[in-house]
């Protein structure tokens, strides 16, 4: 089953994901990612889009899949991978709508996304999730296997097929347009201590 | 003037190599303590969970198998060379870069530097070149301070040439806006390095140097210390919290450094360091 709800309310997902699967993931949900995902960051995305523009076949089929924005450290002998936490997602904003066009259903990174990506997630029924930024050592423990499948010359920016087990992430932008960061921060803002330009409307 | 002391460049290489490896696995004690303090003060349950995870990440990295973060940083090297030192055997910058290359290769650290910014963007493979800041100081010692600076938080830094009439309130507003706009992208909670004054380039350098001060140590000038305390309170009042999931602990410290400036100018620079604060010092 691609989406499984655990007793504690967390959800476990496994690609490939359908529109119905994605529809079950709501902003703020804690999700454990298992199964296959594809590691790709800045330089790999640039190349993927160039390949698309040239009408070439991509090194993996994004349909229903999850992409993880990560550039790991080199693995030590006997280890599957080095540290492998997420990188800032907004740098991929330029490339994301084209990837969603191809059927990509899940993205994992860290940080906020721009309005174009948030709209594209809605339009294509896809979801953006954040992993623990700066938690690279912990993330490494959840990765069971990895192999470079394209652009090996890019080193840490090569495309990797990874198998993970229960990598914890938060749903930031769901397919209905909700943004968890803005929702999460507002109740904690102390308007009385801040100049006017930083005050947020009081919570309903 | 003392006697000239000869220092073999190989000693510098070794010190840089060792520092690169040490700091990427072992977060310094002052930062560990700052994260623990934040854990005690954080009011948001989710924020506390995040800080617990960061403490676990520190502990795991300190075992020496996995670097604290996969972004093992650009290598920023502050080197103060005593004017009575004569370096032999190699050029100073070559010796430093040799140490960076050895450290990143032997320490299984990620090469995160591309050789040019807009053409090939080809990874140099061993994280060289370092960003080196050299000062000549009195004495016959060499002090090396290395900071492995994460790119995500670095990207959220800002620099502005304010008007003198913007004054202290203008400076505060600029710092707060930078922290607010960085939001989740800079992996909060972190350290906010602020430079005020100087000229265009000195101001940025003040902000960078502010990051490597002992975490939370106030500026010795009481007026600046007061500014730091005020900015600390206001940054945390933004409610961004750990990982921007909401909370009371958005920054672990605000460090401000100031300098004389031109009668027409009020430069301000903000450099953000995430919780992956990897810095260390060696004296030769």
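Just checking, which of B:152, B:157, B:197, B:167 is in contact with a strand residue (DSSP E or B) (Cβ under 9 Å, 6 or more places away or on another chain) and buried (at least 23 other Cβ atoms within 10 Å of the Cβ)?
Details: B:157 fails: buried (at least 23 other Cβ atoms within 10 Å of the Cβ); B:197 fails: buried (at least 23 other Cβ atoms within 10 Å of the Cβ); B:167 fails: buried (at least 23 other Cβ atoms within 10 Å of the Cβ).
Step by step, each of B:152, B:157, B:197, B:167 is checked, and only B:152 is in contact with a strand residue (DSSP E or B) (Cβ under 9 Å, 6 or more places away or on another chain) and buried (at least 23 other Cβ atoms within 10 Å of the Cβ).
Is it true that some residue in region A:101-111 is away from every other protein chain (no Cβ under 14 Å), closer than 25 Å to residue B:154 by Cα, surrounded by 17 or more Cβ atoms within 10 Å (Cβ to Cβ) and in contact (Cβ under 8 Å) with a residue 24 or more places away in the chain? Break it down stepwise before answering.
If we filter region A:101-111 for residues that are away from every other protein chain (no Cβ under 14 Å), which is where we start, we get A:101-107.
Subset that is closer than 25 Å to residue B:154 by Cα: A:107.
Keeping just the survivors that are surrounded by 17 or more Cβ atoms within 10 Å (Cβ to Cβ) gives A:107.
When the remaining residues are screened for being in contact (Cβ under 8 Å) with a residue 24 or more places away in the chain, the result is A:107.
Yes, region A:101-111 contains a residue that is away from every other protein chain (no Cβ under 14 Å), closer than 25 Å to residue B:154 by Cα, surrounded by 17 or more Cβ atoms within 10 Å (Cβ to Cβ) and in contact (Cβ under 8 Å) with a residue 24 or more places away in the chain.
With the requirement that a residue be part of a helix (DSSP H, G or I), surrounded by fewer than 22 Cβ atoms within 10 Å (Cβ to Cβ) and more than 12 Å from the chain's Cα centre (by Cα), what does region A:81-99 give you? Show your work before the answer.
At the first step, the residues of region A:81-99 found to be part of a helix (DSSP H, G or I) are A:89-92, A:96-99.
Checking the rest, the ones that are also surrounded by fewer than 22 Cβ atoms within 10 Å (Cβ to Cβ) come to A:90-91, A:97-98.
Once the filter is applied, which keeps residues that are part of a helix (DSSP H, G or I), surrounded by fewer than 22 Cβ atoms within 10 Å (Cβ to Cβ) and more than 12 Å from the chain's Cα centre (by Cα), region A:81-99 yields A:91, A:97, A:98.
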*Quick one: in region B:42-81, of everything that is part of a strand (DSSP E or B) and surrounded by fewer than 20 Cβ atoms within 10 Å (Cβ to Cβ), which residue is nearest to the other protein chains (Cβ to nearest Cβ)?*
B:74
*Residues (more than 8 Å from chain B (Cβ to nearest Cβ) and in contact with a strand residue (DSSP E or B) (Cβ under 9 Å, 6 or more places away or on another chain)) located in region A:176-195*: A:178, A:179
*Restricting the search to region A:142-172, which residues are within 12 Å of another protein chain (Cβ to nearest Cβ) and touching a helix residue (DSSP H, G or I) at 6+ places or on another chain (Cβ under 6 Å)?*
A:151, A:154, A:157, A:158, A:172
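Could you list all residues from region B:45-101 that are over 21 Å from residue A:139 (Cα atoms) and out of contact with any strand residue (DSSP E or B) (no Cβ under 9 Å at 6 or more places or on another chain)? Give the derivation first.
From region B:45-101, those over 21 Å from residue A:139 (Cα atoms) are B:45, B:74-101; that's our starting set.
Listed by number, the residues that qualify are B:45, B:91, B:94, B:98, B:101.
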*Take the residues in region A:112-136 that are in contact with a strand residue (DSSP E or B) (Cβ under 6 Å, 6 or more places away or on another chain) and assigned to a helix (DSSP H, G or I), then tell me which one is surrounded by the most Cβ atoms within 10 Å (Cβ to Cβ).*
A:121
_Selection from region A:68-80 of residues that are in a loop (DSSP other than H, G, I, E, B), in contact (Cβ under 8 Å) with a residue 24 or more places away in the chain and more than 9 Å from chain B (Cβ to nearest Cβ)_ = A:69, A:80
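Tally the residues that are in a helix (DSSP H, G or I) and farther than 18 Å from residue A:32 by Cα, restricting the search to region A:168-187. If you could, list the steps in order and put the result at the bottom.
Pass one, region A:168-187, residues in a helix (DSSP H, G or I): A:180-187.
In the following step, the residues that additionally are farther than 18 Å from residue A:32 by Cα were identified as A:181-187.
Of the residues in region A:168-187, 7 are in a helix (DSSP H, G or I) and farther than 18 Å from residue A:32 by Cα.
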*Selection count, region B:235-261, where residues are out of contact with any strand residue (DSSP E or B) (no Cβ under 9 Å at 6 or more places or on another chain) and surrounded by fewer than 23 Cβ atoms within 10 Å (Cβ to Cβ)*: 2
_Quick check on my filter: what residues within region B:231-284 are closer than 25 Å to residue A:179 by Cβ and part of a helix (DSSP H, G or I)?_
B:234, B:235, B:236, B:237, B:242, B:243, B:244
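Just checking, which of A:164, A:127, A:185 is closer than 30 Å to residue B:59 by Cα and in contact (Cβ under 8 Å) with a residue 60 or more places away in the chain? Let's see the steps before the verdict.
Numbers: A:127 fails: closer than 30 Å to residue B:59 by Cα; A:185 fails: in contact (Cβ under 8 Å) with a residue 60 or more places away in the chain.
So the residue among A:164, A:127, A:185 that is closer than 30 Å to residue B:59 by Cα and in contact (Cβ under 8 Å) with a residue 60 or more places away in the chain is A:164.
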_Residues located in region B:207-234, provided they are touching a residue at least 60 places away in the same chain (Cβ under 8 Å), crowded, with 18+ Cβ neighbours inside 10 Å and away from every other protein chain (no Cβ under 13 Å)_ = B:207, B:208, B:209, B:210, B:211, B:212, B:215
_Kindly evaluate residue A:139 against the criterion of being buried (at least 20 other Cβ atoms within 10 Å of the Cβ), part of a strand (DSSP E or B), within 12 Å of chain B (Cβ to nearest Cβ) and in contact with a strand residue (DSSP E or B) (Cβ under 7 Å, 6 or more places away or on another chain)._
no
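Looking for something under 17 Å from residue B:71 (Cα atoms) and in contact (Cβ under 8 Å) with a residue 12 or more places away in the chain - is there at least one such residue anywhere in region B:168-185? Reasoning before the result, please.
To start, the set of residues in region B:168-185 that are under 17 Å from residue B:71 (Cα atoms) comprises B:184-185.
Going one step further and asking which of them are in contact (Cβ under 8 Å) with a residue 12 or more places away in the chain, we end up with B:184-185.
Yes, region B:168-185 contains at least one residue that is under 17 Å from residue B:71 (Cα atoms) and in contact (Cβ under 8 Å) with a residue 12 or more places away in the chain.
Would you mention how many residues in region B:88-123 are part of a loop (DSSP other than H, G, I, E, B) and either touching a residue at least 40 places away in the same chain (Cβ under 8 Å) or surrounded by fewer than 20 Cβ atoms within 10 Å (Cβ to Cβ) (or both)?
Step one: of region B:88-123, the residues part of a loop (DSSP other than H, G, I, E, B) are B:89-91, B:107-113, B:115-122.
From what is left, the residues that are either touching a residue at least 40 places away in the same chain (Cβ under 8 Å) or surrounded by fewer than 20 Cβ atoms within 10 Å (Cβ to Cβ) (or both) are B:89-91, B:107-110, B:112, B:115-122.
Selection size over region B:88-123: 16.
Just so you know, all these numbers are worked out from the coordinates, no wet-lab data involved. Just so we're clear, the structure is a prediction, and the values are computed from it rather than from any experiment. FYI the Cβ positions are ideal-geometry reconstructions off the backbone, even for glycines, and counts take in every protein chain you see.
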